[in-house]
Amino acid sequence: QVQVVESGGGLVQPGGSLRLSCAVSGGFLSIGTMAWYAQAPGMAREFVARIEGGTGPRYANSVQGRFTMTRDNAKNTAYLQMDGLKPADSAVYYCNVDVRRDGGPLTSVWGQGTQVTVSS
């Protein structure tokens, strides 16, 4: 089975930085879109950043200019560099990955999430 595992979250002061990782493993032929979402307590899960095939990264307006998403296809891993963090960025960050399994359809897979807390 395909596994998506996020890491790199933690407690950071306002203005600080974190780098999240999203590692994909298991049985699959290829990876399509990779994306980051954030869910704060009592709020809906919201789009943060996405990299689709053949395009550059795209970001939510709230993180534009502060976050940078990259992906390393050789390592089946995506990253989210988070700079200038604000308390409003505090949330559980989830990685969502579209994968093509051997002989099967494109499937969307979610990770378990990693907690980011921005507080002084």
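Once neighbouring chains are kept in place and the probe is 1.4 Å, which whole percent of the accessible area of the chain is contributed by carbon and sulfur?
48
At 0.36 nm per residue, and after removing the present C-alpha to C-alpha distance, how many nm does the segment from residue 86 to residue 107 gain when stretched out fully?
Full extension from residue 86 to residue 107 adds 4.2 nm.
Provide the per-residue ³J(HN,Hα) series for the range 17-33, in order, calculated from phi with Karplus coefficients 6.51, -1.76, 1.60 and θ = phi - 60°, each as a whole number of Hz, with x at glycine and proline positions.
Once θ is set to phi - 60°, the couplings for the range 17-33 become 9, 9, 10, 8, 10, 10, 9, 10, 9, x, x, 7, 8, 7, 10, x, 5 Hz.
What is the magnitude of the charge dipole of the chain about its Cα centre, with +1 placed on the Cβ of each Lys and Arg, -1 on the Cβ of each Asp and Glu, and no other charges, expressed in debye to the nearest 20?
Dipole about the Cα centre, nearest 20: 80 debye.
Between residue 60 and residue 11, what is the label-to-label distance in nm when each label sits 7 Å out along the Cα-to-Cβ direction?
2.4
Using alpha-carbon pairs under 8 Å, 6+ residues apart, how would you state the relative contact order of the chain in percent?
Taking the mean separation of contacting Cα pairs over the length of the chain, I get 37 percent.
Once fully extended, how much extra length lies between residue 3 and residue 29, figured as 0.36 nm per residue of separation less the alpha-carbon to alpha-carbon distance?
Result: 8.0 nm gained on full extension.
Taking the solvent-accessible surface of protein heavy atoms with a 1.4 Å probe, what is the per residue accessible area of the chain in Å²?
53
From a point 7 Å beyond the Cα of residue 73 in the direction of its Cβ, which residues of the range 45-66 have a backbone N at a distance under 19 Å?
Answer for this model: 50-58.
I need the phi-derived Karplus couplings for the range 59-65: 6.51 cos²θ - 1.76 cosθ + 1.60, θ = phi - 60°, integer Hz, Gly and Pro marked x.
For the range 59-65, the Karplus-derived couplings read 10, 5, 4, 5, 10, 4, x Hz, x marking Gly and Pro.
If you take every DSSP beta bridge fully contained in the chain, what fraction is antiparallel? Give it as a percent rounded to 5.
Expressed as a percentage, antiparallel bridges in the chain total about 95.
The values are calculated or read from the model by the stated rules, or taken from the named source; none is laboratory data. Everything numeric in this text was worked out from a predicted model, so none of it was measured. Heads up, the Cβs are rebuilt from the backbone with ideal geometry, glycines too, and the neighbour counts pull from every protein chain shown. Note: areas computed on protein heavy atoms with side chains; ligands, DNA, RNA excluded. Shrake-Rupley method; radii C 1.70, N 1.55, O 1.52, S 1.80 Å.
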